[in-house]
1. R0 = 45 Å: FRET efficiency of HIS133 with LYS61, Cβ-based, nearest 0.05?
2. Would you mind ranking VAL20, VAL73 by Cβ crowding within 10 Å, fewest neighbours first?
3. 5 Å is the cut-off here: which amide hydrogens, built 1.01 Å from N in the peptide plane, fall below it relative to ALA166, excluding neighbours closer than 5 in sequence?
4. I need ASP85, ASP67 ordered by Cβ neighbour count within 10 Å, fewest first.
5. Using a Cα-Cα cut-off of under 14 Å, which aspartates and glutamates could be cross-linked to LYS77, ignoring same-chain neighbours fewer than 8 residues away?
6. From the cross-link list LYS42/LYS169; LYS68/LYS169; LYS61/LYS169, which pairs have alpha carbons spaced over 29 Å apart?
7. Could you tell me what percent of the DSSP beta bridges with both partners in the chain are antiparallel, to the nearest 5?
8. Scan around TYR4 for amide H atoms under 5 Å from its own, H built in the peptide plane at 1.01 Å from N, and keep only partners 5 or more places away or cross-chain.
Amino acid sequence: MRQYCNVCSYPTSTCLCEFVNSQQAPADIIILQHERETLHAKNTARLVLLTLSNSTMVSGKTASDFDKIAETVTNSKAALIYPGDNSQPLESTAFTAGQFNTLIFLDGSWRQAYALYSMLPWLWNLPQWHFRHAPQSEYLIRHTSVDNSLSTLEAVAYSLQAGYNAQTKNLLSLQNAMQANWQGPTQHRRNRL
Ligand SMILES: [Zn+2]
């Protein structure tokens, strides 16, 4: 039977704990996730949770699954990081001026993210931000043929870096470690069983 690490929840043979360097982000991070995405092993959202002590993820299928987090969001100065007709570039002074203490991300494919957005009306009134200068994604094990979209971890890292001038190498190096595991656990960690 396959054993799983109870801290990072990866199989013990590819446990990522030794690569985790925890830090606090300059804003609380909330990741909303479509339930179907939860099971995906290559999902980067949980790497965010392992790294950022003030990050949370809520997963659900119906709007009521998100009621509790909606209350938290309403009581904070929150920004939604999701492109749309009314979104502004995060790299603008308007973002900095907003002094947001909470950033919300929609995890999953574009289709799942859109489904979540459509289902949760309390998101619609939040100030919405997109990336004007998104970096090239380095998350290659799960790229889509459609676009070079960033992984959730990369979107979080870029937002913190561009919006708060924060250090994000702890996040990005954990994604690299996870990716290296997928590409070949044996060469990557030859000293372990
Ligand atoms: Zn672990």
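1. 0.85
2. On the way: VAL20 16, VAL73 21.
Going from sparsest to densest Cβ surroundings: VAL20, VAL73.
3. Counting only residues 5 or more places away or on other chains, the set is GLN161.
4. With the fewest neighbours first, ASP85, ASP67 line up as ASP85, ASP67.
5. Result set, ordered by chain and number: ASP28.
6. As for pairs spanning more than 29 Å Cα to Cα, those are LYS68/LYS169; LYS61/LYS169.
7. 5 percent
8. Those lying under 5 Å, H to H, from TYR4 are THR12.
Since every read-out is calculated from the coordinates, none of them should be taken as a lab result. Keep in mind that what you see is a predicted model, and the values were worked out from it rather than measured. Because the Cβ atoms are built from the backbone with ideal geometry, glycine has one as well, and the counts that use them run over all protein chains shown.
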